[in-house]
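The values are calculated or read from the model by the stated rules, or taken from the named source; none is laboratory data. Remember, it's a predicted structure, so these values are computed and weren't measured experimentally. So basically every Cβ, Gly included, is an ideal-geometry build from the backbone, and we count neighbours across all protein chains shown. Each accessible area value is taken on the protein alone, full model and side chains, heavy atoms only, with ligands, DNA and RNA left out. Shrake-Rupley method; radii C 1.70, N 1.55, O 1.52, S 1.80 Å.
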Amino acid sequence: MRAATPDEPTLRPATPLAFAPTRPLTSEPLVGVVTASSGGFIVPLPEKSQFIVGRSSDCDVSIPDGAVSRRHLRVHVGTELAIEDVGSANGTTYDAKPLRPYERTVIELGHPVSLGGATLFIHAAHGIVAPGRPSPAKRGSVVPAGEVVRDAKLRRIYDLLPTIAPSPLSVLVLGETGVGKEVFADAIHRASARAAGPFLKLNCAALPESILEGELFGYERGAFSGAVTARPGLFEAANDGTVFLDEIGELTLPTQAKLLRVLESGEVLRLGSRSPLHVDVRFVAATNKDLAALVASGAFRADLFYRLEGVRVEIPPLRDRADDIIALAEFFVARLASRMNLAAPSLSAGARELLRDYAWPGNVRELRNVVERAVVMNPRVPELDESHLVTYGVTTRPTLAPDSGVQTASRMPAVAPETDDLQSALETLERRAIVEALEKTGGNQSAAARMLNMGRHALIGRLETYGISRPRKRS
């Protein structure tokens, strides 16, 4: 891994940010991980609502690669993270899909954005050290891992960090979707001797095999059609740091074989190359699947499984961590309220009971979505009660008792059974609540808004968002 040159991007002075609608409500400062023909490097991203990425030194973020246009990409940082190709010569691709010029596309953190022959990964800065930023080891914890752990079982797991983190062993983190596997992986990195190096994350299920292989291992010029320049892969960019491979069970057998070589020898072979490169990377993998069962069925290599399972840690689901539910809910409420420059509302006794009673199939991710949504939709209330949760995604529905398979009555989020997408389910529920309120009030928008605990203008905005025709005034 080569050192950054003076021509590469440097940190520009940043000013403290107050809450504004143009900044993401749940984001930290962002960092870009770049792999290009000139090598791999990490660059802090400007803390403003828009910035330009391109080859020119006049751009906010400069990538010295001949296949990148002088002004290639505009990044929009708002309530969502989005990108826009600004008429580049070689085009922009996101998750293997070419973008049309000047069309805004919403993206997710950690997913690759290809600019000609270079690739940009945008990450939250808390796990990655960039030029000009203090190392995580020096500036303390950013994520709530060690601060919001009330459950005794989870405490015992975090008590293992002083033993696990300094070791060179790979770690396999198991658990349901949304339990906090990535948070624990980040805690391992921050407590390790590699804390001053990068912490890079990749969702193994996010990319098709043909693209995933090139992103992980890199490629040489001419390795395949379109490879006009050589480019290092993610493993090279993560040298001296930690790689977190989420959904490791989704890797194909050929990619598993190549990953095993990196784990065993530290050698990375770029596509189209015959000369391996040596990297020093620590691996943390995670999955919600039964890897042992996949090994038995032949879908996962046994040798890779045993190599990844240097230490195995299983994060318990939120339904088995009753002491964490309210503590996490209060943490998410306080954090979001602070970013919105609001006084943090408290949780009523009824709301606490409602939160504790639910089985939380989406675990911590679902809990955060529910309570943050309640804060956003009720920004001025001093206390969140059942009505706020019911209106914005919480209602009575059967839930599964832990390990029993038996349904029990519980009042909580009615996530639509026809979809696995939590955001879509919540939007469906909100739309249904609005329609029902309008029906109950005979189309009176002001009365419906009061019933929904929102302002009339906010209701009108929702009507437009969901394509609901505004009721006509009765003569």
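How many angstrom lie between the C-alpha centres of region 347-390 and region 150-191?
27
Calculate, in nm to one decimal, what ALA82 and SER275 gain on full extension: separation in residues at 0.36 nm each, minus their alpha carbon distance. The partial results should precede the final answer.
Details: separation 193, 0.36 × 193 = 69.48 nm, distance 3.77 nm.
Full extension from ALA82 to SER275 adds 65.7 nm.
Could you tell me the center-to-center distance, by alpha carbons, between region 88-104 and region 274-294 in angstrom?
30
Set the Förster radius R0 to 30 Å, insert the Cβ-Cβ distance between LEU253 and LEU109 as r into 1/(1 + (r/R0)^6), and round the FRET efficiency to 0.05.
It comes out at approximately 0.60.
Please give the residues of region 363-380, grouped as numeric ranges, whose backbone N is less than 19 Å from a label point set 7 Å along the Cα-to-Cβ vector of THR465.
366-380
Give me the percent of accessible area attributable to carbon and sulfur for region 211-355, probe 1.4 angstrom.
Details: 2810 of 5890 Å².
Roughly 48 percent, rounded to a whole number.
Once both labels are modelled 7 Å past Cα along the beta-carbon direction, what's the ALA193-GLN50 spacing in nm?
Taking the two extended label points, one gets 4.8 nm.
Which entries in the list LYS97/LYS201; LYS48/LYS181; LYS258/LYS289; LYS97/LYS181 go over 24 Å, if you measure between the two C-alpha atoms of each?
The answer is LYS48/LYS181; LYS97/LYS181.
Quick check for you: which residues of region 78-96 have the amide N under 18 Å from the point 7 Å beyond the Cα of ASP58 toward its beta carbon?
Counting backbone N atoms under 18 Å from the label point, the list is 86-89.
Grab the eigenvalues of the alpha-carbon gyration tensor for region 266-321, scale each by 5, take roots, and send me the semi-axes largest first in whole angstrom.
In descending order, the three semi-axes are 30, 16, 10 Å.
Enter the accessible area per residue of region 234-318 (Å², integer; probe 1.4 Å; all protein chains in place). List each step's numbers first, then the result.
Details: 3580 Å² over 85 residues.
Result: 42 Å² of accessible area for each residue.
Expected output is a single nm value to one decimal: the length gained when fully extending between ASP357 and TYR306, i.e. 0.36 nm times separation in residues minus the C-alpha distance. What is it? Don't skip to the answer; put the middle values down first.
Values: separation 51, 0.36 × 51 = 18.36 nm, distance 3.83 nm.
Between ASP357 and TYR306, full extension yields an extra 14.5 nm.
In nanometres, what is the gap between the two model label sites at ALA152 and LYS440, each 7 Å from Cα along Cα-to-Cβ?
Calculated label separation equals 4.3 nm.
Can you list, bin by bin at 5 Å, the percent of alpha carbon pairs in region 171-283, starting at 0?
The distribution over region 171-283 is 2, 12, 21, 23, 20, 13, 5, 3, 0, given as percents.
With the contact rule set at Cα under 8 Å and sequence spacing of 6 or more, what percent relative contact order holds for region 182-316? Please list the in-between numbers first.
On the way: 215 pairs, mean separation 34.5, N = 135.
In percent, rounded to a whole number, it is 26.
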